[in-house]
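Read the structure below first, then the notes.
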Amino acid sequence: MKIKFDNTDRRHVIDLLSEHVSSRLSRAENRHIYLKDNSGNRYVVLGGTGDWHGIPDDVIEDIEQNHLDSKLVVAIKNQKSLKIYWGEIKPLLKSLGKLPRPGNDKYTFHVDERHDYLSVREAKTVTLALFKEIPHTESDREKSKSNVQIENLLNQMSDDERRELHRKIKDGEI
């Protein structure tokens, strides 16, 4: 079975970033790869199993037009782990002319992993530091999926229902 980077993996990466920056990351626009923290800083979170990545024009335009402080995050998934790289997006923005534009709706690029950093093949001066490598097996993915399902259920509950659930857990009824 071919491994893929999916929304479960992306959610895991976003949760780790949120913890690191001490702020819940939420969508900045309608793209699931484009996020913001409570201070308005932006994060472009890409992921995959290969070396090809792309950023849609509207994300690039929003960052450029609003002069936002933004990070580029690239997660590379393999059979047993996720390697997460990150850095300022500004060097990539300065190199947009070097990046291919298939279909003219996004900028694309390839990455090469080194020991503790990632480089953009089309613009060698653009690098991202290794932020974290984490174990990420199928059982880790299942835990992440379960946590998301629990979070969704809790969000659907009223305050009274959550308090009652908390009481039952505390009293050992559950």
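The H on the amide N of Lys106, modeled in the peptide plane, is under 5 Å from the matching H of Asp57, each at least 5 residues off or on a different chain. Exposure proxy shown here: for Trp86, Trp52, the number of other Cβ atoms within 10 Å sets the order, fewest to most, as Trp52, Trp86. Only helices enter the 222 nm calculation for the chain: every DSSP H run of n ≥ 4 contributes -39,500 (n - 2.57), and dividing by all residues gives -11000 deg cm²/dmol, rounded to 500.
Please list, in order along the stretch 7-19, the HN-Hα scalar couplings obtained from phi with the Karplus expression 6.51 cos²θ - 1.76 cosθ + 1.60 (θ = phi - 60°), rounded to whole Hz, x for Gly and Pro. For the stretch 7-19, the Karplus-derived couplings read 5, 5, 5, 4, 4, 4, 4, 4, 4, 5, 5, 4, 4 Hz, x marking Gly and Pro. Shape analysis of the chain based on the Cα gyration tensor places the equivalent ellipsoid semi-axes at 34, 19, 14 Å, largest first. Taking θ as phi - 60° and the Karplus parameters 6.51, -1.76 and 1.60, the scalar couplings of the stretch 68-73 work out to 7, 6, 9, 10, 9, 10 Hz in sequence order, x denoting glycine and proline.
Within the same chain, lysines fewer than 8 places from Lys90 are excluded, and of the rest, those with a Cα less than 18 Å from its Cα are Lys36, Lys71, Lys98, Lys106, Lys124. Residues Asp105, Asp62, Asp9, arranged from fewest to most other Cβ atoms within 10 angstrom of their Cβ, appear as Asp105, Asp62, Asp9. Residues whose amide H lies under 5 Å from that of Asp69, counting only those 5 or more places away or on a different chain, are Arg42; hydrogens are built 1.01 Å from N in the peptide plane.
Cβ crowding within 10 Å, taken as a proxy for footprinting-reagent exposure, orders Phe131, Phe5 from fewest neighbours to most as Phe5, Phe131.
Using the Karplus relation 6.51 cos²θ - 1.76 cosθ + 1.60 with θ = phi - 60°, the per-residue 3J(HN,Hα) values for the stretch 99-104 come to 8, x, 10, x, x, 6 Hz, with x marking Gly and Pro.
For a straight C-alpha distance cut-off of 20 angstrom, the aspartates and glutamates reachable from Lys83 (same-chain residues fewer than eight places away being disregarded) are Asp6, Asp9, Asp15, Glu19, Asp51, Asp112, Glu113, Asp116, Glu133, Glu138, Asp140, Glu142. Remark on Thr49: its backbone amide H falls under 5 Å from those of Phe5, Lys77, a criterion applied only to residues 5 or more positions apart or on other chains, H modelled at 1.01 Å from N.
Find, among the trypsin sites (Lys or Arg not before Pro) in the stretch 1-47, those assigned to loop by DSSP (not H, G, I, E, B) with at most 15 other beta-carbon atoms within 10 angstrom.
Working: sites: Lys2, Lys4, Arg10, Arg11, Arg24, Arg27, Arg31, Lys36, Arg42; in loops: Lys2, Lys4, Arg24, Arg31.
Answer by residue number: Lys2, Lys4, Arg24, Arg31.
Taking the Cα centre of the chain as origin and assigning +1 to Lys and Arg Cβ atoms and -1 to Asp and Glu Cβ atoms, the resulting dipole is close to 420 debye.
Quick note: the coordinates plus some simple rules give every number you see, no bench work behind them. For clarity, every value in this text was computed on a predicted model and none was experimentally measured. Cβ: placed from backbone, ideal geometry, glycine included. Neighbour counts: every protein chain shown.
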